[in-house]
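Structure, as structure tokens:
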Protein chains: 2
Amino acid sequence: MQHRGNLFVVSAPSGAGKTSLCKAVIDILPNLRHSVSHTTRSPRTGEVDGQDYHFVSNAQFDAMVADGAFVEWALVHGNRYGTAVASLEQVRDAGCDLLLEIDCQGAAQLKERCPDAIFIFILPPSLQELESRLKGRQTDTPEVIAQRLLNARDEMREMFWYDYLVINDEFDLASQQLQAILLASGCRTEVLKAQVQVLFEELDL
Amino acid sequence: MQHRGNLFVVSAPSGAGKTSLCKAVIDILPNLRHSVSHTTRSPRTGEVDGQDYHFVSNAQFDAMVADGAFVEWALVHGNRYGTAVASLEQVRDAGCDLLLEIDCQGAAQLKERCPDAIFIFILPPSLQELESRLKGRQTDTPEVIAQRLLNARDEMREMFWYDYLVINDEFDLASQQLQAILLASGCRTEVLKAQVQVLFEELDL
């Protein structure tokens, strides 16, 4: 009766509150895992291979890129980070649900590879509110904030191909909505059908 | 920004716990209404026309049947009860979500008339458990219970065309799942699109 886990893909413009919302639902839902990326960077103290990251050499990473193993990968501060389809599938085959935070471009690529994934876009209640949140962080220069706002406009043009939209106006409501999307997805007939057929074997459904 | 309410249609074999589950979510979700049926029976003390039922004469009911106004109707103890498409649409147009408990045959007819409704089937964890619940009620004769179990088998053969399945094993979990389906449905992109286009008018999405 082991069923395949769901893959949830979450995108949002910077400042919409994606990371906090994802953390809130990961803390609540016991069967939900964050995806584990591959990286060429060295493990930091306490980091566990296969848990925090899959730590690989540059040559291994090159080979995986050549094999088309990654849904997406990026170079950050001289180290490469990638999301491998195989590691997503492995967790799902073990029956766990997966939450993947990824940008719109990566999400679009993933939709090709994993058409049964569920796509969720988190958005701010307004562009004014997004700007005020980015300024409130006091971590970015005005130039960086201006660039993030331009990027946000581009990303928001992508949102209508996502399955669900969560407007992050009040955090608690948005968190409840994200959690509901994850729970409800597990009740879809296509997800439960095989399990129900076994439960009611005598009905030969 | 007034959006159209969702229509949720819930079916279940007798004894699966549909009525208790629906009551639990109606009590929690402020925007959710029970559908109001038409009936030819006289109002009881305290019953309000348009709130408990739409009270109509036999002639009015006949005319509605002839007009095809009802999704389904039935004769119970000499009085007729019917679900009118127009009264469903009226509540939805006012922006409220609607919960309609209806048998599989009525649900199938409704799917033709309201293709955007969301169909939820509640099932027991096993036929043995269903039988033990029906016996535990101590309200039905063994013959009635046997008939309900036969009906349950027929109804359960319909469940795979429903959008969602809720296995009512533990009541609290099933109630949480039903609530999640209702909340998540309100976050579907097709439901929120018009509202988001207004919120971000300047982006001309």
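None of the figures in this text is laboratory data; all of them are computed from the coordinates on show. All values reported here derive from a predicted model rather than from experimental measurement. Here the Cβ positions follow ideal geometry from the backbone for every residue, glycine too, while neighbour counts run over all protein chains shown.
Numbers below:
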| read-out | value |
| --- | --- |
| Mean separation of Cα contacts under 8 Å (6+ apart) over length of chain B, as relative contact order % | 32 percent |
| Antiparallel bridge percentage (DSSP; both residues within region A:1-106; nearest 5) | 45 percent |
| Anchor A:LYS193: aspartates and glutamates whose Cα lies under 18 Å away (excluding residues fewer than 8 positions away in-chain) | A:ASP93, A:ASP97, A:ASP116, A:GLU201, A:GLU202, A:ASP204, B:ASP154, B:GLU155, B:GLU158, B:ASP163, B:ASP169 |
| Cα-derived Rg to Rh of region B:87-169, Kirkwood definition | 1.05 |
| Calculated label separations, A:GLU170, copies of the chain, 7 Å along the beta-carbon direction, nm | 2.8 |
| Range of Cα positions in region B:161-205 per principal axis (Å), largest first | 49, 24, 9 |
| Interatomic Cα distance distribution for region A:68-121, bins of 10 angstrom, percent | 22, 56, 21, 2 |
| Sequence-distant residues sharing a close amide H with A:ILE167 (under 5 Å, placed H) | A:LEU123 |
| Pseudo-label separations to other copies for B:ARG33 - Cα-to-Cβ vector, 7 Å, nm | 4.6 |
| Cβ crowding within 10 Å averaged over residues, with B:186-194, B:45-53 ranked highest first | B:186-194, B:45-53 |
| For region B:70-126: relative contact order, % (alpha-carbon pairs under 8 angstrom, 6 or more apart) | 27 percent |
| Copy-to-copy label separations for A:ASP103, where each label sits 7 Å from Cα toward Cβ, in nm and ascending | 5.7 |
| Percent antiparallel among DSSP beta bridges (both partners in the protein assembly as shown, rounded to 5) | 35 percent |
| Square roots of five times the Cα gyration tensor eigenvalues for region B:119-205, Å | 41, 13, 9 |
| Sequence-distant residues sharing a close amide H with A:GLU101 (under 5 Å, placed H) | A:VAL10, A:SER35 |
| Shielding by partners, peptide A:183-195 (average Cβ within 10 angstrom, other chains) | 6 |
| Nonlocal amide H pairs with A:GLU72, under 5 Å, H built at 1.01 Å | A:THR83 |
| Shape box of the protein assembly as shown [Cα atoms, principal axes, largest first, Å] | 80, 51, 31 |
| Cα-Cα separations in region A:3-134 greater than 20 Å, expressed as whole percent | 51 percent |
| Cα gyration tensor shape of region A:55-205, rounded if a/c is under 1.5, else prolate or oblate by comparing a/b with b/c | oblate |
| Per-residue mean of C-beta atoms belonging to partner chains within 10 Å, peptide A:155-166 | 4 |
| Beta bridges per DSSP with both ends in chain A, % antiparallel, nearest 5 | 30 percent |
